[in-house]
Amino acid sequence: MLDLLLRHIKSDVTLEGFGTRQRELLLLLLEHKDGLTIDDLVTSLGITRTAISQHLAVLERDGYVEKGSLLKTLGRPVSTYIVTNKGRDLLPKQYSWFSELLVESLKDVGSERLTQYLQKMARRVAQQLKPRMAGKTSEEQITELAKILTELSYQANADTTDTQSGRPAIIATNCVYHNVAAKHPEVCEFDLALMSELLDRQVEHAECMVRSENVCRFRFHPIEKT
């Protein structure tokens, strides 16, 4: 689950963003895990070798396909093409359903234990992201945190002086697991622990979309002086 969260910090590219022929080509390669040759693809798609080669060149350049094994023929060996992990990630994933299943299973041990587990997981994620905070001022760290959250699809913006409280805040307009959090509000503890660990300061969940408010507003307490 930790790897899944970290891998999600990337551009939001889906299969729908490709042309018809490139989608067909990728889906064919996904069906044939051992790979297909250019001739195989020509036969299946009914377009020219030149067109297939051009599509493969673009997809290989962008990291969605790569050359696989060489097939021995009567002439020269022929390369196959296979889909990379990045290419497989283009397909829709039922993360919400699976996340809810996991949370329901973990909640069997009790609400408090579930909260502790989510906080522990958040701290582990934060340790992977900590280098992005190094050398930044307090305001820059909050801006960087908003960027990280947006990469995770929260659609977050930093408000370095929240007008309602005078304290810095982050406002998120998308809850990435709204349905799960509506049933299991403990899930929000992951967000709070992640932000607190990255900024080394306490976080207040001032507004929450699960509570039927328009946004999720996270306010940050002043940094404690040592």
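The values are calculated or read from the model by the stated rules, or taken from the named source; none is laboratory data. If you're wondering where the values come from, they're calculated on a predicted model, not measured in any experiment. Cβ coordinates were reconstructed from backbone atoms using ideal geometry, including for glycine residues, and neighbour counts include every protein chain displayed.
Would you call Q155 surrounded by fewer than 15 Cβ atoms within 10 Å (Cβ to Cβ) and either closer than 21 Å to S96 by Cα or modelled with pLDDT of 90 or more (or both)? Considered against the rule, which asks whether it is surrounded by fewer than 15 Cβ atoms within 10 Å (Cβ to Cβ) and either closer than 21 Å to S96 by Cα or modelled with pLDDT of 90 or more (or both), Q155 comes out as no.
Is it the case that R113 is over 30 Å from K33 (Cβ atoms) and surrounded by 14 or more Cβ atoms within 10 Å (Cβ to Cβ)? No, not satisfied.
When every residue of the stretch 178-193 is checked against the conditions, at least one turns out to be closer than 14 Å to L118 by Cβ and under 16 Å from the mean Cα position of the chain (by Cα). Taking the criterion of being farther than 26 Å from L102 by Cα and surrounded by fewer than 20 Cβ atoms within 10 Å (Cβ to Cβ), the residues of the stretch 189-203 that qualify are D200, R201, Q202. Look at (1) in a loop (DSSP other than H, G, I, E, B); (2) touching a residue at least 24 places away in the same chain (Cβ under 8 Å) and you find that R76 fails only one, number (2).
Restricting attention to the stretch 46-55, does a residue exist that is under 18 Å from E31 (Cα atoms), over 32 Å from the mean Cα position of the chain (by Cα) and assigned to a loop (DSSP other than H, G, I, E, B)? Yes, because at least one residue in the stretch 46-55 is under 18 Å from E31 (Cα atoms), over 32 Å from the mean Cα position of the chain (by Cα) and assigned to a loop (DSSP other than H, G, I, E, B). Put simply, of V103, V65, V13, V78 the only residue that is β-branched (V, I, T) and at pLDDT 90 or above is V65. The residues of the stretch 63-73 that are in contact (Cβ under 8 Å) with a residue 12 or more places away in the chain and either touching a strand residue (DSSP E or B) at 6+ places or on another chain (Cβ under 9 Å) or part of a strand (DSSP E or B) (or both), listed by number, are Y64, V65, E66, K67, G68, S69, L71.
For L70, the criteria (1) of a type in the set (A, V, I, L, M); (2) at pLDDT 85 or above; (3) exposed (fewer than 15 other Cβ atoms within 10 Å of the Cβ) hold in every case but one, which is (2). Evaluating T50 against the criteria (1) out of contact with any helix residue (DSSP H, G or I) (no Cβ under 8 Å at 6 or more places or on another chain); (2) under 19 Å from L91 (Cβ atoms) leaves one unmet condition, (2). Among the criteria (1) more than 24 Å from W97 (Cβ to Cβ); (2) touching a Ser or Thr at 6+ places or on another chain (Cβ under 6 Å); (3) not aromatic (F, W, Y), the one E186 does not fulfil is (1). For the stretch 79-114, a residue qualifies if it is of a type in the set (K, R) and either outside any helix (DSSP H, G or I) or in contact (Cβ under 8 Å) with a residue 12 or more places away in the chain (or both), and the qualifying residues are K86, R88, K93, K107.
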